[in-house]
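The values are calculated or read from the model by the stated rules, or taken from the named source; none is laboratory data. All figures in this text were calculated on a predicted structure; none of them were measured in a lab. Here the Cβ positions follow ideal geometry from the backbone for every residue, glycine too, while neighbour counts run over all protein chains shown. Surface areas here come from the heavy atoms of the whole protein model, side chains and all, with no ligands, DNA or RNA. Shrake-Rupley method; radii C 1.70, N 1.55, O 1.52, S 1.80 Å.
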Amino acid sequence: MAETVTFQSICRDLRAGRPAPLYLIHGEEGFYIDALVKEFEALVPEADRDFDLTTLYAPEIDSARTVENACRRYPMLGPRQVVILKEVQAVSADFLKPLAAYAANPTATTVLCVCFRGAKAKGAEFLKGVKAGGGVVFEAQKVKEAQVPTIVSAFIKERGLSVDPKALLMLCDFVGTDLSRLYNEVAKLTVTLGQGAMVTPEAVERNIGISKEYNNFELTRALAERNVPKVMAIYFNYRGNPKAHAVQPLVSLIFNLFANVLAAQYAPDKSERGLMQELGFSTPWQLKDVKTAMGNYNAWQVIEIIDKLREFECAAKGNGSRQDPYDLFFDLLTRILNPLGMKGVRN
């Protein structure tokens, strides 16, 4: 059975000096495509790049024949040359048609990388040629929120660091699914802390500017715990600097927490493995707040909370209220911490 093509597997082969003659890189996640382009460029020593590295932009050339002509040249200084074709998403599907025959029988001393940045590949004849010639195809899919902790952890490990679980979740919350921003923040920590260091909450607070006490991760955790003093402390800290803490993203995070809690409460398999599979989580750490909330809110209360979150959405958009968003948010937090439940009495 053939190995699944991943970002890591391509990097591994390129760094080991085992490139395939042709790569088709496409998909929504531009970070992976940009990072792979750098890996392809690194196949040619910097001193040889004027001779053995050719970068072409599809919108700037008349025909894909230009690409083929570049690929059929022999390397001048090293054992191989690299040809990179960028921005193919900006031209028609027929653009690559003249390159189909080359794709089916590529030159062994050339590594061709064709990039559709931010879009799926198009051009049926070229795709057929890539398949016939044994080319490598990688789709850079947009990262899902549940995948972020695994990706952050891998970036940190790749940089020679280890990470405390709380620091990892602080970073995930701060960065979201923006991989370019994530990579830059991890790089910043690497330079500051040095090889072999542990990324702690204190290090994240000191070097990235996220408070270890007042952050979104701590807010959702406090809500899961129904820890009223902590929720209120974070609320008033945020209210003092509303430009840095917009209400709408906070409500989205809280909604995600309780949506996951409700799904977990009705999951047929409530083991750790079963809940991770049900919720699409990649690490047990992501389950901690969900399991805590399951012990503090019953299903009826969670349904009520989700309903209140939807009411907030309408009110915040001006449908029925012109209140200050933080006034509305205070009311929302109060209702979350004191849901009525099925019998109409607060627990």
Inset, instruction - Residues being under 19 Å from P325 (Cβ atoms) and not in a helix (DSSP H, G or I): count how many of those fall in the stretch 224-243. - result: 4
Legend entry - Near pairs, Cβ below 7 angstrom, 6+ apart or cross-chain, from the stretch 94-110 (small (G, A, S)) to any residue that is open to solvent by 40 Å² or more (accessible area, probe 1.4 Å): A100/E125; A100/K128; A104/A132; A108/P21
Inset, instruction - With the checklist (1) open to solvent by 50 Å² or more (accessible area, probe 1.4 Å); (2) at pLDDT below 85 in hand, flag the one item S252 doesn't pass. - result: (2)
Inset, instruction - Identify, by number, the condition in (1) farther than 19 Å from K38 by Cβ; (2) modelled with pLDDT of 95 or more that K144 doesn't meet. - result: (2)
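Looking at the stretch 90-108, is at least one residue of a type in the set (F, W, Y), surrounded by 16 or more Cβ atoms within 10 Å (Cβ to Cβ) and assigned to a strand (DSSP E or B)? Don't jump to the end; show me each part of the working.
Just the residues of the stretch 90-108 that are of a type in the set (F, W, Y), to begin with: 95, 102.
From what's left, surrounded by 16 or more Cβ atoms within 10 Å (Cβ to Cβ): 95, 102.
Now drop any that are not assigned to a strand (DSSP E or B), which leaves none.
No, the conditions are met nowhere in the stretch 90-108.
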Inset, instruction - For residues that are aliphatic (A, V, I, L, M) and either on the phi > 0 side of the Ramachandran plot or loosely packed, with under 14 Cβ neighbours inside 10 Å (or both), tally how many sit in the stretch 43-67. - result: 1
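Among the listed residues L189, L193, which satisfies the condition of being within 20 Å of D164 (Cα to Cα), touching a strand residue (DSSP E or B) at 6+ places or on another chain (Cβ under 9 Å) and surrounded by fewer than 20 Cβ atoms within 10 Å (Cβ to Cβ)?
On the way: L189 fails: surrounded by fewer than 20 Cβ atoms within 10 Å (Cβ to Cβ).
One residue alone meets the criteria, L193.
I'd like the full set of residues that are touching a residue at least 40 places away in the same chain (Cβ under 8 Å) and either more than 29 Å from N298 (Cβ to Cβ) or among the hydrophobic types (A, V, I, L, M, F, W, C) (or both), limited to the stretch 191-230.
So in the stretch 191-230, the residues touching a residue at least 40 places away in the same chain (Cβ under 8 Å) come out as 199, 210, 212, 215-217, 220-221, 223-226, 228.
Those that are touching a residue at least 40 places away in the same chain (Cβ under 8 Å) and either more than 29 Å from N298 (Cβ to Cβ) or among the hydrophobic types (A, V, I, L, M, F, W, C) (or both): V199, I210, K212, F217, L223, A224, V228.
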Legend entry - Number of the condition not met by P59 [criteria: (1) assigned to a helix (DSSP H, G or I); (2) more than 28 Å from the chain's Cα centre (by Cα); (3) under 19 Å from T109 (Cβ atoms)]: (3)
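So which residues in the stretch 14-28 are touching a Gly at 6+ places or on another chain (Cβ under 7 Å), outside any loop (DSSP other than H, G, I, E, B) and over 14 Å from T109 (Cβ atoms)? Let's see the steps before the verdict.
If we filter the stretch 14-28 for residues that are touching a Gly at 6+ places or on another chain (Cβ under 7 Å), which is where we start, we get 20, 22-24, 28.
When the remaining residues are screened for being outside any loop (DSSP other than H, G, I, E, B), the result is 22-24.
Y23, L24, listed by residue number.
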Inset, instruction - Kindly check whether there is at least one residue in the stretch 12-28 that is surrounded by 14 or more Cβ atoms within 10 Å (Cβ to Cβ) and without any contact (Cβ under 8 Å) to a residue 60 or more places away in the chain. - result: yes
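Restricting attention to the stretch 127-153, and to residues there that are free of Cβ contacts under 8 Å to residues at least 40 places away in the same chain and open to solvent by less than 50 Å² (accessible area, probe 1.4 Å), which single residue is nearest to K97 (Cα to Cα)?
Our first condition is that a residue be free of Cβ contacts under 8 Å to residues at least 40 places away in the same chain; within the stretch 127-153, this holds for 128-129, 131-132, 148, 151-152.
Adding the requirement that they be open to solvent by less than 50 Å² (accessible area, probe 1.4 Å) leaves 129, 148, 151-152.
Values: G129: 9, V148: 37, I151: 36, V152: 39 Å.
Taking the candidates together, the pick is G129.
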